[in-house]
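The values are calculated or read from the model by the stated rules, or taken from the named source; none is laboratory data. Computed from a prediction, not measured in an experiment: that's the story for all the values here. Every residue, glycine as well, gets a Cβ built from its backbone with ideal geometry; the counts of neighbours run over all protein chains shown. In case anyone asks, the SASA skips ligands and DNA or RNA and just uses the protein heavy atoms, side chains included. Shrake-Rupley method; radii C 1.70, N 1.55, O 1.52, S 1.80 Å.
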Amino acid sequence: MDFSKITEQPSHYDHLEKMSVAELLQHINDEDALVAEAVRKALPQIEALVEAIEPRMKRGGRLFYVGAGTSGRLGVLDASELPPTFGVPDTWVIGIIAGGEHALRHAVEKAEDIVKKGWEDVQAYHPTTDDTVIGIAASGTTPYVIGAVSEARKNGLLTGCITSNPDTPLAEAAEYPIETIVGPEFVTGSSRMKSGTAQKMVLNMISTSLMIRLGRVKGNRMVKMQLTNAKLVDRGTRMLQDSLGLSYEEAQQRLLDAGSVDKALK
């Protein structure tokens, strides 16, 4: 590309192999401390995208995350955590990664370089104009992601993106670009570090805000979470104890009978 990628610029640190463990950890932590401020600067962009997605999801639209490598894995991670946390179907938010399921654990060579494949993978879900596609790519130049976002926009879907470079082809393709400029990585070019952390933070913000706006939280509690293990049953039981003044045993039985905190409170 013609522009200089900040994500590929040399690290501010050199001779890493000569550093002690304490020095390595301190410097990585110093760099990580810059991420929250970079995300803070992007809050207006994040807000605009969330507000655009909300009415579409209320009409039944879905949210697709599309990425490759680390970016794709983070999208799949965020999507997969929403059903147990907020009790929503796994069709509400869908993570798509270049190379498919195999790429979650293994590098799939050249999968991210196929421009048409990103949109083809979205099309497998029969997208509608109420759906949203968010492309995730630290570089902002990943062909698979750009292709998915470009074609989604052409076909009337809402589009956004998360990138760690300014003025990228991906940002140009998306209607609502989010740019978290975290600077060069501690290990030059290793965007799994600060860029990945920024992506995780932004994805948390987008999905959590949407779930709250869609009525999946009451007060500050996940009242619709799935009771899939002992920890979550215990959490739900204590929610009912606090809300209804019941004993632990009474609250747990009421929770198990109802199937969710939300239903037990009705």
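Please report, in whole Å³, the volume per residue of the convex hull around the C-alpha atoms of the range 3-150. Provide the component values of the computation, followed by the final result.
Numbers: hull volume 24.2 nm³, N = 148.
Residue-normalised Cα hull volume stands at 163 Å³.
For the chain, what D do you get in µm² per second when you plug the Kirkwood radius from alpha-carbon pairs into Stokes-Einstein at 25 °C and 0.890 mPa s? Could you put the intermediate results ahead of the total?
Details: Rh = 19.8 Å.
Translational D for this selection: 124 µm²/s.
Starting at the first residue of the range 48-56, write each ³J(HN,Hα) from the Karplus equation 6.51 cos²θ - 1.76 cosθ + 1.60 with θ = phi - 60°, in whole Hz, x for Gly and Pro.
With the stated coefficients, the range 48-56 comes to 4, 5, 4, 5, 6, 6, 3, x, 5 Hz.
Tell me, what are the semi-axes, in whole angstrom and largest first, of the equivalent ellipsoid of the range 77-199 as set by the roots of 5 times the Cα gyration tensor eigenvalues? Write down the numbers at each step before the final one.
Working: eigenvalues 96, 64, 48 Å².
That gives 22, 18, 15 Å for the three semi-axes.
Over the chain, what is the relative contact order in whole percent, taking alpha-carbon pairs under 8 Å and six or more residues apart?
Numbers: 483 pairs, mean separation 58.5, N = 266.
About 22 percent, as a whole number.
Rank by packing, highest mean first: peptides 247-259, 187-199, with packing defined as the count of other Cβ atoms within 10 Å averaged across residues. Mind dumping the intermediate values first?
Working: 247-259: 15.2, 187-199: 21.3.
Taking the mean over residues of other Cβ atoms within 10 Å, the ranking is 187-199, 247-259.
Given a 1.4 Å probe and heavy atoms of the protein chains only, how would you sort LYS110, LYS231, largest accessible area at the top? Provide the component values of the computation, followed by the final result.
Values: LYS110 155, LYS231 125 Å².
Result, largest first: LYS110, LYS231.
Could you identify which residue out of GLU151, GLU37, GLU109 has the top mean-square fluctuation in a GNM of the chain using Cα springs shorter than 10 Å?
Checking each option, the largest mean-square fluctuation is seen for GLU109.
Keeping all protein chains in place, calculate the accessible area per residue for the range 42-175 (probe 1.4 angstrom), answer in Å².
Values: 5690 Å² over 134 residues.
Spelled out: the 1.4 Å probe surface of the range 42-175, per residue, equals 42 Å².
Taking a 1.4 Å probe, which of ASP32, ASP131 shows the most accessible area, and what order do the others take after it?
Numbers: ASP32 60, ASP131 0 Å².
Ranking ASP32, ASP131 by accessible area, largest first, yields ASP32, ASP131.
Could you look at the chain and say what percent of its accessible area is carbon and sulfur, using a 1.4 Å probe and all protein chains?
Numbers: 6660 of 13310 Å².
Using a 1.4 Å probe with all protein chains present, the chain comes out at 50 percent carbon and sulfur.
With charges only on Cβ, +1 for K and R and -1 for D and E, what is the dipole size of the range 21-99 about its Cα centre, in debye, rounded to 20?
Working: 7 positive and 11 negative charges, 117 e Å.
Its charge dipole is roughly 560 debye.
Once the Cα atoms of the range 32-95 are picked out, what are the Rg and Dmax in Å?
Rg and Dmax of the range 32-95, Cα atoms, are 13.5, 39 Å.
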